[in-house]
Amino acid sequence: MDTLERTWADIPWPRPRPDGRGPYPKTEIPKPAVLAQVPRRFCRYGHDPARVEAALAALSPPPDLVLVTSIMTYWYPGVDEAVRLCRRLWPRVPVVVGGVYATLCPEHARRLEADHCICGPLETPENWAALWRLLGASAPSLPDHAGLRLAHELYAAPDFGVLLGSRGCPFACAYCASRLLSPGFCQAPARLVLERLRSLHAQGVRHVAFYDDALLVAPETWLWSALAWCAEHHMTLHTPNAVHVRALTPDVCRRLWRGGVRTLRLGLETLDFNHRLDAKLTLEEWEQAVAALHAAGFGAEHVRAYVLFGLPDEDDDATAATIAEAGRLGIPVELAFYSPIPGTPLFARAERVSPWPLAEEPLTHNNSLWPCRPGGFSWAEAARWKTLVRQVQRNPNPQ
Ligand code: B12
Ligand code: SF4
């Protein structure tokens, strides 16, 4: 998935957008049997496997240990394929699987051909020690704030950067895995974030995305310093992972705007306040936040509110009303299709309403199946909702 032409200079690759985002080349591959009836294509994203194999085979000397990461639970076939590939190339080298999927579906991940599956953050003392035992060595001490140092310097000339100034989230929404992945909320010191920003800037990076789950919680720790630095250095910032709407006071919105935030995603989820599955927003907080955003300079081209779609027991009228009401206030909506996540409070209900074997087969967590919506995904329904959302996007704030 490495987008950098410099690494794979001889391979044609779709041009990224000016802010560094995708697209990725994709190849249609046969659907796994469990998805045979789904009226959608199944694709592999990224390089051709033969090219990846050739690039890995050229590594000299071969690795002492292979660490395979994972992200979405329903992307595990890619992990499986990577593990098999490494096994084939280096039969005597231990292969370890970890990351989001391995942490959320450990029993399933242990059935892959990897030698070991390590759940949770790599930098816990137990995991760190376990990893070094595999090398027959004692673990060196971890650097401070190890889980908050993304090694972007390994890219020679990145088009964009990612920043993580915190792990975890103090909230506990029923549909979210944040607590399972990072129990507790911890933040980096401002010094570390500024160091990251300086080194990204020195690499020529001008677009940075935040991956924090709770970016606006305790912003005085590092975010204010980071935004002030970004304003001085003309950076453009993006929050693809939504921010907490209730934190958007006039002061916060002004700082975000001045700091260069130009893609702002809001965790709205629904405006049906009687049936929320979380306690992170009230109607008053929503209305105040919208006013503060507009006053600071944010327009419909910068802001979108994520609205959850496809939750168990969802009320379509409430979703349509949320889309319309957000539009009335000048905030376009993006539907966030629900992915059921094992271990979250909502998973048991998801299992009850879904026709899919959610507990046994992570492929069925795929949000594009609409696994908990009666009838599941259909192109006609998708078109209907897309039209509704587009109408509001094209014509926000009709009043
Ligand atoms: C960034 C992000 C995205 C980005 C993806 C960008 C990208 N290309 O990677 C965007 C915004 C596009 C995105 C979209 C979605 N996302 Co998302 N996303 C995340 C997020 C916030 C951060 C992931 C990350 O990179 N973290 C930083 C790295 C450093 O952490 P890490 O990978 O966990 O690594 C640590 C450990 O896992 C471990 N580790 C990792 N690898 C390895 C390997 C070994 C060997 C070892 C030992 C340890 C180890 O050590 C690391 C350091 O501590 C997570 C939430 C979270 N807090 O993790 C959700 C998360 C992964 N997303 C989730 C969801 C629900 C979605 C969406 C479905 C949302 C929606 N409804 O639309 C979409 C789906 C997109 C799709 N196409 O299918 C869920 C998972 C769903 C699932 N079934 O798996 C998560 C967990 C959110 C949540 N809190 O519930 N997402
Ligand atoms: S506020 Fe966001 S990150 Fe925190 S628990 Fe809720 S959905 Fe997850």
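Since every read-out is calculated from the coordinates, none of them should be taken as a lab result. Computed from a prediction, not measured in an experiment: that's the story for all the values here. Positions of Cβ are generated from backbone atoms using ideal geometry, with glycine treated the same way; all protein chains shown enter the neighbour counts.
Where does the charge balance sit around Val162 when Lys and Arg score +1, Asp and Glu -1, over other residues with C-beta under 13 Å from its C-beta?
-1
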Determine ³J(HN,Hα), in whole Hz, for all residues of the range 355-369 in sequence, where each value follows from phi through the Karplus function 6.51 cos²θ - 1.76 cosθ + 1.60 and θ = phi - 60°; x replaces Gly and Pro. x, 8, x, 4, 6, 8, 10, x, 4, 7, 7, 4, 5, 7, 8
Which is farthest toward the positive dipole end of the range 26-133 among Val95, Val34, Tyr45, measuring Cα position about the Cα centre, with Cβ charges +1 (Lys, Arg) and -1 (Asp, Glu)? Val34
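Pulled fully out, how much extra length does the chain show between Gln393 and Asp64, if you take 0.36 nm times their separation in residues and subtract their Cα-Cα distance? The partial results should precede the final answer.
Working: separation 329, 0.36 × 329 = 118.44 nm, distance 5.16 nm.
In short, 113.3 nm is gained.
Find, to one decimal place in angstroms, the Kirkwood hydrodynamic radius of the chain, where the mean of 1/r is taken over every pair of different Cα atoms and then inverted.
On the way: mean 1/r = 0.0435 Å⁻¹.
One over the average 1/r among Cα pairs gives 23.0 Å for the chain.
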Cut-off under 5 Å, modelled amide H: who pairs with Ala188 long-range: Ser166
Residue order, fewest to most surrounding Cβ atoms within 10 angstrom, among His233, His116: His233, His116
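Give the calculated FRET efficiency between Arg111 and Ala151 to the nearest 0.05, with a Förster radius of 25 Å applied to their Cβ-Cβ distance.
Numbers: r = 30 Å, r/R0 = 1.18.
After rounding to 0.05, the efficiency reads 0.25.
Between beta-carbons, use under 15 Å as the cut-off and find the net charge around Glu195, counting Lys and Arg +1, Asp and Glu -1. Kindly include the intermediate steps, with their values, before the conclusion.
Working: positive: Arg149, Arg191, Arg196, Arg198; negative: Asp144, Glu153.
It works out to a net charge of +2.
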Here the FRET efficiency for His233 versus Gln37, based on Cβ atoms and R0 = 51 Å and rounded to 0.05, is 0.50
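Local charge sum around Leu329 (other residues, Cβ-Cβ under 14 Å, Lys/Arg +1, Asp/Glu -1)? Could the numbers behind the result be given before it?
Working: positive: Arg304, Arg328; negative: Glu284, Glu285, Glu287, Glu325.
Around Leu329, the charge tally is -2.
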What distance in nm separates the simple spin-label points at Ser368 and Glu126, each placed 7 Å from Cα in the Cβ direction? 3.6 nm
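Where in the range 105-206 are there GluC sites (Glu not before Pro) that are in a DSSP coil and have at most 16 other Cβ atoms within 10 angstrom of their Cβ? Let's see the in-between values first.
On the way: sites: Glu107, Glu113, Glu123, Glu126, Glu153, Glu195; in loops: Glu113, Glu123.
Passing both the DSSP loop test and the Cβ count: Glu113, Glu123.
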How large is ³J(HN,Hα), in whole Hz, for each residue of the range 84-101 in order, when computed from phi with the Karplus curve 6.51 cos²θ - 1.76 cosθ + 1.60 and θ = phi - 60°, using x for Gly and Pro? 4, 4, 5, 4, 5, 6, 10, x, 9, 8, x, 10, 10, 10, x, x, 4, 4
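So what is the relative contact order of the range 146-394, in percent, for Cα pairs below 8 Å that sit 6 or more residues apart? Intermediate values should be presented prior to the final figure.
Numbers: 431 pairs, mean separation 38.3, N = 249.
Relative contact order, the range 146-394: 15 percent.
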Calc'd 3J(HN,Hα), the range 205-211, phi into Karplus 6.51 cos²θ - 1.76 cosθ + 1.60 (θ = phi - 60°), Hz, glycine/Pro = x, comes to 6, 10, 10, 10, 10, 8, 9
List the chymotrypsin sites (Phe, Trp or Tyr not before Pro) in the range 193-298 that DSSP assigns to loop (not H, G, I, E or B) and whose Cβ has at most 16 other Cβ atoms within 10 Å. Which are they? Tyr211, Phe273
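Using only the alpha carbons of the range 1-116, what is the convex hull's orientation-averaged projected area in square nanometres?
Numbers: hull surface 35.7 nm².
The number I arrive at for the range 1-116 is 8.9 nm².
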Considering the chain as a Gaussian network with a 10 Å cut-off on Cα pairs, which listed residue, Glu284, Glu351, Glu269, attains the greatest mean-square fluctuation? Glu284
Can you tell me how much longer the chain between Glu220 and Arg133 gets when fully stretched, taken as 0.36 nm per residue apart minus their C-alpha distance, in nm with one decimal? 27.4 nm
